[in-house]
Amino acid sequence: MSASPEAEGAALAAGFDLKRLDASFYADPFPVYRALREHAPVKRLPDGGVFLSRHADVVAVYKDPRIFSSDKHEEFHPKYGDTPLYEHHTTSLVFNDPPLHTRVRRLIAGALTPRHIAAMEDRLAALVERLLDGLAAAGEADLITAFAGAIPIEIIGNLLDVPHADRGPLRDWSLAILGALEPVLAPEVEARGNAAVREFLVYLEGLVERRRAAPGDPEVDVLARLIQGEGGERLSAKELLHNCIFLLNAGHETTTNLIGNGLKCLLDWPDQRDRLVAEPALVRTAVEEFLRFESSNQLGNRITTVACEIGGVALAPRTQVHIGIGAANRDPEAFADPERLDIARHPNRHVAFGSGIHQCVGMGLARLEGRVAIGRFIARFPGYRLAGPAVRAQRARFRGHVSLPVRVA
């Protein structure tokens, strides 16, 4: 006799270990997330950390940076040692608390205001149309390499004013550095990540030197803003270089995943694709639903600074807290019928961009890229279909595809 669904869920939750994931989790983590919400919403992990799967708990952690710190020195030194990866990930905006976080975020945000983002739309639309022309000519292509992955590289390259001739290595560097953030770090992944940081730093040192000699417009050039500083405050040389790397990484992987996941969702839910084709204005809410349903970034991390409680569970100081973004975004306490894709869902208070002081500084730009890319793709190729197996990346933190072959003709 087979076990009941209740018993199966309890077993899934009891056996969950973020450092011992199998292929089925990478393919579809959502049954595990559901089991955790129902049976162990503040799950104690074998290494002493906890994993959060409820929306309310996740938001509470995001909203209290004093108790739940983003600083990663303590977590990352045992993982990376004294390496380029350690220096990078403990210097970048996302893995720091104020005052460094405040200084860097202010500089970046000044170049990503709604006005600045709106001014990017025409150039973005022209890029998307060129890529769509290429897809139309080919008839069949991998949507990740030929479309979804090509867009954010150009957009972030434009923000930093990286010469087009220099953009070739950017995507591989980004993938290598972010791949090293997985819960378990394989030696070959670590080696690639460290090499990517070294190579990226060498390139950026030259780029910054050239930009100092010929300054860009700080109103639209994020690198110029970071070099120039604001209010008498400037970043150190190390802070400057590593936050340029952060900008490329943050703007590349998650946006590639948003576009790829969104287009795959519409293949899996043809009624929703038909609705978007019939009502193209729904692309705005559709992008929010793709972010909720298949969150590009599935995991976040904090460390407790004092003894505290979350979800009724007492946590000691220095406890590692793993934030289940993908789990929270399918919590039935926060979303009606959460396992259903609904491109008109409203309200949609997902946490794909985080919340609180660390809410994604580039979320307005990511939304614009998703809206323009997916909206124009669907308008041009309403009948697109898979041309081969869609291949998921074997990653727990970032959910996306390494290959998504489609036929558009």
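Tabulated data for the structure shown
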{"quantity": "Phi-based couplings in Hz for the stretch 54-66 (Karplus 6.51, -1.76, 1.60; Gly and Pro marked x)", "calculated": "9, 4, 4, 5, 4, 4, 4, 5, 4, 7, 10, x, 6"}
{"quantity": "The stretch 312-409, Rg to Rh (Cα coordinates; Rh as Kirkwood inverse mean 1/r)", "calculated": "1.03"}
{"quantity": "Debye log10 I(q)/I(0) at q = 0.13, 0.18, 0.22 Å⁻¹ for the stretch 35-104, Cα point scatterers", "calculated": "-0.50, -0.86, -1.03"}
{"quantity": "Sparsely packed GluC sites (Glu not before Pro) within the stretch 209-279, loop by DSSP, other Cβ within 10 Å at most 15", "calculated": "Glu219"}
{"quantity": "DSSP-defined beta bridges in the chain - what % are antiparallel, rounded to 5", "calculated": "90"}
{"quantity": "The stretch 345-409 versus the stretch 285-330: alpha-carbon centroid distance in Å", "calculated": "20"}
{"quantity": "Spacing of the two label points (7 Å from each Cα toward its C-beta) at Glu333 and Glu38, in nm", "calculated": "1.6"}
{"quantity": "Length-normalised contact order for the stretch 1-148 - Cα pairs under 8 Å, 6+ apart - percent", "calculated": "12"}
{"quantity": "Under 5 Å, built H, 5+ apart or other chain: amide partners of His401", "calculated": "Ala393"}
{"quantity": "Straight-distance crosslink candidates among lysines, where the alpha carbon sits under 23 Å from Lys238 and sequence neighbours closer than 8 are dropped", "calculated": "Lys72, Lys79"}
{"quantity": "Two-decimal Rg/Rh across the stretch 92-227, once Rg and the Kirkwood Rh are taken from alpha-carbon atoms", "calculated": "1.00"}
{"quantity": "Gain on full stretching of the segment that runs from Ala316 to Ala10 - 0.36 nm per residue minus C-alpha separation", "calculated": "107.6 nm"}
{"quantity": "Potential lengthening between Arg380 and Arg167 on full extension [0.36 nm per residue; Cα-Cα distance subtracted]", "calculated": "73.9 nm"}
{"quantity": "More than 17 angstrom apart: percent of Cα pairs within the stretch 58-99", "calculated": "36"}
{"quantity": "Estimated FRET transfer efficiency when R0 is 41 angstrom, pair Ala307-Glu140 (beta carbons, to 0.05)", "calculated": "0.10"}
{"quantity": "Theoretical ellipticity at 222 nm over the chain - DSSP helices of four or more residues, -39500 (n - 2.57) apiece, nearest 500", "calculated": "-16000 deg cm²/dmol"}
{"quantity": "Residues whose placed amide H lies under 5 Å from that of Asn301, excluding near-sequence neighbours", "calculated": "Ile323"}
{"quantity": "Accessible surface ranking that places the most exposed of Ile357, Ile378 first, with a 1.4 angstrom probe", "calculated": "Ile357, Ile378"}
{"quantity": "Nonlocal amide H pairs with Ile310, under 5 Å, H built at 1.01 Å", "calculated": "Leu315"}
{"quantity": "Per-residue ³J(HN,Hα) for the stretch 313-327, Karplus 6.51 cos²θ - 1.76 cosθ + 1.60, θ = phi - 60°, Hz, x for Gly and Pro", "calculated": "10, 7, 10, 7, x, 6, 7, 6, 10, 9, 8, x, 4, x, 5"}
{"quantity": "Phi to ³J(HN,Hα) by Karplus 6.51 cos²θ - 1.76 cosθ + 1.60 over the stretch 240-253, Hz, x for Gly, Pro", "calculated": "4, 5, 6, 7, 5, 4, 4, 4, 5, 5, 5, x, 9, 4"}
{"quantity": "Per-residue SASA entry for Asp268, accessible area with 1.4 Å probe, Å² rounded to 10", "calculated": "90"}
{"quantity": "Cα centre as origin, Lys/Arg/Asp/Glu Cβ charges: the stretch 1-68 dipole, Debye", "calculated": "300"}
{"quantity": "Heavy-atom SASA rank of Lys238, Lys43, Lys79 (probe 1.4 Å, accessible area, largest first)", "calculated": "Lys238, Lys79, Lys43"}
{"quantity": "Radius ratio Rg over Rh of the chain, counting only Cα atoms, Kirkwood formula for Rh", "calculated": "0.95"}
{"quantity": "Cα-based equivalent ellipsoid of the stretch 181-299: semi-axis lengths in Å, sorted from largest, via gyration tensor", "calculated": "36, 22, 11"}
{"quantity": "Length-normalised contact order of the stretch 242-384 in % [C-alpha pairs under 8 Å, at least 6 apart]", "calculated": "30"}
{"quantity": "The stretch 260-313, accessible area per residue, ligands and nucleic acids excluded (1.4 Å, Å²)", "calculated": "36"}
{"quantity": "Gain on full stretching of the segment that runs from Thr102 to Asp217 - 0.36 nm per residue minus C-alpha separation", "calculated": "39.2 nm"}
{"quantity": "More than 20 Å apart - percent of Cα-Cα pairs taken over the stretch 253-375", "calculated": "47"}
{"quantity": "Euclidean distance of C-alpha centroids, the stretch 94-162 and the stretch 199-240, integer Å", "calculated": "19"}
{"quantity": "Relative contact order (percent, whole number), the chain, Cα cutoff 8 Å, 6+ residue spacing", "calculated": "26"}
{"quantity": "Probe 1.4 Å, accessible area per residue of the stretch 108-225, Å²", "calculated": "44"}
{"quantity": "For the stretch 1-160, alpha-carbon Rg and Dmax in angstrom", "calculated": "21.7, 62"}
{"quantity": "Of all accessible heavy-atom area on the stretch 13-172, the percent that carbon and sulfur account for (1.4 Å)", "calculated": "54"}
{"quantity": "With every protein chain in place, the stretch 245-354: carbon and sulfur % of accessible area (1.4 Å)", "calculated": "53"}
{"quantity": "Among His101, Gly81, Ala137 the positive-end extreme of the charge dipole of the stretch 38-162 (Cβ point charges)", "calculated": "His101"}
{"quantity": "Assigned charges on the beta-carbon of Lys, Arg, Asp, Glu; the stretch 123-180 dipole about Cα centre (debye)", "calculated": "120"}
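The values are calculated or read from the model by the stated rules, or taken from the named source; none is laboratory data. Computed from a predicted model, the values in this text were never measured in an experiment. Using ideal geometry, Cβ is built from the backbone for each residue, glycine included, and neighbour counts are taken over all protein chains shown. Heads up: the accessible areas ignore ligands, DNA and RNA and are worked out on the full protein's heavy atoms, side chains in. Shrake-Rupley method; radii C 1.70, N 1.55, O 1.52, S 1.80 Å.
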